[in-house]
Amino acid sequence: MAATYDAIVIGGGHNGLVAAAYLARSGAKTVVLEGRHKTGGAATTEAVWQDAPEFKVTRLSYVMSLLPPTIISELELDRHGYKIYPMGPYYQAFPEGGSIKLYADDAKRNHEAVSKWSKKDADAMPKWDAWLAGLADVLGPLLLTVPPVIGSRKPRDLAATLKLAWRNRGLDVRTIADVTRLMTMSIADLLDDWFESPQVKGALAVNGVIGTWAGPYEPGTAYVMAHHSIGDVGDGHLGNWGFQEGGMGAVANAIERAARENSAEIRINAPVARVLVEGAKATGVVLANGDEIRAKVVVSTLHPKTTFLDMVGRENLPDAFVTDIERWKSRSGVVKINLALAELPDFTGDPGTDLQEHHTGSVEMAPTMEYIERAFQDARDGKPAERPFSDGVIPTAFDKTLSPEGTHIMSLFTQWVPSDWNTEPHTAELEAYADRMIDCYNELAPNFKGSILHRDIVGPYQMEHEYGLIGGNIFHGELSLEQLFHMRPAPGFADYRTPVGGLYYGSSATHAGGGVCGIPGWQAANAAIADRKSAVRKAFRRS
Ligand SMILES: Cc1cc2nc3c(=O)[nH]c(=O)nc-3n(C[C@H](O)[C@H](O)[C@H](O)COP(=O)(O)OP(=O)(O)OC[C@H]3O[C@@H](n4cnc5c(N)ncnc54)[C@H](O)[C@@H]3O)c2cc1C
């Protein structure tokens with residue numbers, strides 16, 4: 001006899017856990033099936049050095065910003081261990097001397113800091129912040145909106161499109177123009193319009209290329225910047241990011257506790273092989289060990305290619321949908337480097353190994369836009385970046401749970417290696433790439449290299465094979481224009497439903513993903529709960 005539930009969630013990443021928490025909260029008997037030995041997916045804290053288990057790294061994702069207050073409060077995540085330390089400033093030290101700090105929440109200090117490089121840019125900064133805040137007012141609510149099926153003539157879809165247009169009726173010509181610019185421009189062109197100093201532009205370009213298979217001169221990178229700039233960590237400061245105490249795995253743990261409290265069952269080491277489809281409806285799953293589990297609702301939070309092409313099967317899907325998923329772009333060229341440090345970096349521009357403000361935020365290796373572009377061009381030419389770009393953070397500036405007293409963890413989110421490095425481990429080349437990355441930081445902080453106790457390098461192959469991040473893309477799919485909103489993951493299916501009845505889709509490859517925001521999982525659960533209620537109402541009317 002197959003085990004039976006009301007709802008099965010495939011994947012115990014943070015989105016799967018959010019979906020399970022909401023489904024269980026609605027009264028559905030729910031099980032999460034996670035393939036690995038632990039939940040969290042890309043939100044994971046791990047002790048990666050066997051000989052030094054006292055060090056823990058936030059192995060893939062590293063900072064929080066995008067999780068909406070609704071999810072935090074409805075799942076009571078604070079009570080379950082969600083605790084954020086807001087980050088300090090963006091910090092970039094320069095090989096030629098000096099440094100820049102940018103503050104998410106302090107206009108006065110921003111002005112002072114930027115004035116050192118350009119008075120004109122310092123004066124432009126408050127206007128830029130206000131411009132971004134205006135755009136966040138438009139784009140923020142869209143993150144929580146279910147994309148309509150644009151182009152459909154079905155009354156329900158037309159009504160949804162009209163509702164969205166009506167909600168945005170207050171937008172004026174200039175705001176629409178600004179949104180258009182944001183969606184279509186490169187971050188380089190956009191910053192050129194606003195600023196003159198290479199140092200300021202380098203610092204502001206970082207958010208435009210995070211996780212993206214595109215350098216700062218590629219159209220669409222302005223939107224990527226916005227995606228990373230419209231959240232806040234609950235302190236009311238737009239674009240602010242923060243460190244979860246205990247690393248990003250603790251975010252997943254908090255959501256898991258909420259799910260369990262609502263009676264969801266969580267099974268680890270339970271890889272799913274197939275979704276059972278009977279009469280165009282999902283009826284359950286088959287595990288890799290052959291066990292069958294049945295349910296009328298199945299929610300997948302895995303990569304779209306895995307979910308639809310491998311688990312559902314082309315034969316159960318419309319041809320056009322199969323083509324869309326086959327064409328889904330999932331490159332990034334990201335390498336995560338996690339380090340255990342004996343002491344903090346001692347920057348020539350801001351000396352000292354005692355904890356200072358510049359250790360508490362992003363410790364960047366993005367001195368100019370040209371530097372970032374060069375790193376991308378290397379990878380596009382088929383070789384790993386000679387001088388990689390890095391978004392570095394030192395969570396232990398606040399969080400004392402990750403490493404022994406006096407030591408630190410540093411997390412380097414680096415780019416780029418060639419986009420096809422997901423097909424081979426490239427172990428030796430990744431070691432050499434990490435050496436070069438470390439040398440770049442060592443030029444700014446000469447104690448850096450000597451302070452490294454342990455290092456852990458996670459490249460695209462490992463991301464794909466160990467974590468299910470196909471192509472090594474950090475968001476289950478690029479945030480390129482043709483893969484956003486009503487196109488994410490495929491036109492006609494951006495409402496968290498799929499061509500298969502009873503199968504819902506809530507991974508980062510849906511609208512509002514990626515990032516540790518929980519919105520895809522929440523929306524997929526909402527869709528399933530709404531359909532379940534509507535089916536009950538219809539059955540009641542028929543009886
Ligand atoms: C290096 C890196 C850095 C990042 N940095 C940040 C950041 O700082 N902040 C941020 O907000 N976002 C960041 N992201 C993005 C963010 O982590 C992801 O978008 C998000 O965690 C994905 O969540 P998910 O639940 O949709 O999918 P996943 O986390 O990928 O979860 C899917 C789960 O499914 C499981 N699975 C796979 N195959 C099977 C199977 N056959 N059966 C059962 N289970 C299976 C996987 O093990 C995994 O647990 C980063 C990502 C990476 C990779």
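What the table shows:
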| quantity | calculated |
| --- | --- |
| Calculated Rg and Dmax of the range 400-477 using C-alpha coordinates, Å | 14.4, 40 |
| Accessible surface, the chain, averaged per residue in Å² (probe 1.4 Å) | 39 |
| Exposure rank, largest accessible area first [Asp121, Asp137; 1.4 Å] | Asp137, Asp121 |
| Point-to-point label distance, Leu355-Thr401, nm (Cα→Cβ direction, 7 Å offset) | 1.6 |
| Rounded if a/c under 1.5, otherwise prolate or oblate - the chain, Cα gyration tensor axes | prolate |
| In the range 176-232, the chymotrypsin sites (Phe, Trp or Tyr not before Pro) that fall in loop regions by DSSP, at most 15 other Cβ within 10 Å | none |
| Accessible carbon and sulfur surface of the range 421-543 relative to its total accessible area, %, 1.4 Å | 57 |
| Selection from Gly249, Leu453, Asn207 lying farthest towards where the dipole of the chain points positive, charges on Cβ | Gly249 |
| Asp189 accessible area, assembled protein chains, probe 1.4 Å, Å² | 80 |
| Column: log10 I(q)/I(0), Debye, Cα scatterers of the range 1-94, q = 0.10, 0.12, 0.18, 0.24 Å⁻¹ | -0.39, -0.55, -1.02, -1.33 |
| Alpha carbon convex hull of the range 112-243, volume per residue in cubic angstrom | 141 |
| The range 95-238 - percent of accessible surface contributed by carbon and sulfur, probe 1.4 Å | 58 |
| Computed magnitude of the charge dipole of the chain (debye, nearest 20; Cβ of K, R +1, Cβ of D, E -1) | 2880 |
| Local electrostatic count at Arg380 - Lys and Arg +1, Asp and Glu -1, tallied over other residues with Cβ under 11 Å | -1 |
| Kyte-Doolittle mean at least -0.5, axial Cα span of 30 Å or more - DSSP H helices of the chain | 119-143, 519-542 |
| Angstrom value of the Kirkwood radius, inverse mean 1/r, which spans all Cα pairs in the range 31-177 | 20.6 |
| Two-site label geometry, Ser73 and Val173: point separation in nm, points 7 Å out along Cα→Cβ | 3.9 |
| Rounded to the nearest 20 debye, dipole of the range 306-358 from Cβ charges on Lys, Arg, Asp, Glu | 400 |
| Within-14-Å neighbourhood charge of Ala28 [Cβ basis; K, R +1; D, E -1] | +3 |
| Projected area averaged over orientations for the range 305-367, convex hull of C-alpha atoms, nm² | 7.7 |
| Positive dipole terminus of the chain, leading residue within Ser300, Gly468, Ile529 (C-beta point charges) | Ile529 |
| Exposure of Arg532 as accessible area (Å², to 10), given a probe of 1.4 Å and all protein chains | 90 |
| Share, in percent, of DSSP beta bridges within the chain that are antiparallel, nearest 5 | 70 |
| Two-site FRET efficiency, Lys163 against Arg267, from Cβ-Cβ distance with R₀ of 25 Å, rounded to 0.05 | 0.05 |
| Gained length - Arg181 relative to Lys538, 0.36 nm times residue gap less alpha-carbon distance | 123.9 nm |
| Entries of Lys29/Lys400; Lys163/Lys281; Lys56/Lys449 with Cα pairs more than 27 Å apart | Lys29/Lys400; Lys163/Lys281 |
| Among Gly513, Leu484, Thr498 the positive-end extreme of the charge dipole of the range 435-543 (Cβ point charges) | Thr498 |
| Expected 222 nm ellipticity per residue - DSSP helices of 4 or more, -39500 (n - 2.57), all of the chain, to 500 | -11000 deg cm²/dmol |
| Electrostatic dipole magnitude of the range 299-409 [Cβ: Lys, Arg +1; Asp, Glu -1; Cα centre; debye, to 20] | 540 |
| Neighbourhood net charge (13 Å Cβ-Cβ; Lys/Arg +1, Asp/Glu -1) for His465 | -2 |
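The values are calculated or read from the model by the stated rules, or taken from the named source; none is laboratory data. Keep in mind that this is a model prediction, so the values were computed, not measured. Note that each Cβ is placed from the backbone with ideal geometry, even for glycine, and that neighbours are counted across all protein chains shown. Surface accessibility is based on the protein's heavy atoms, side chains included, excluding ligands, DNA and RNA. Shrake-Rupley method; radii C 1.70, N 1.55, O 1.52, S 1.80 Å.
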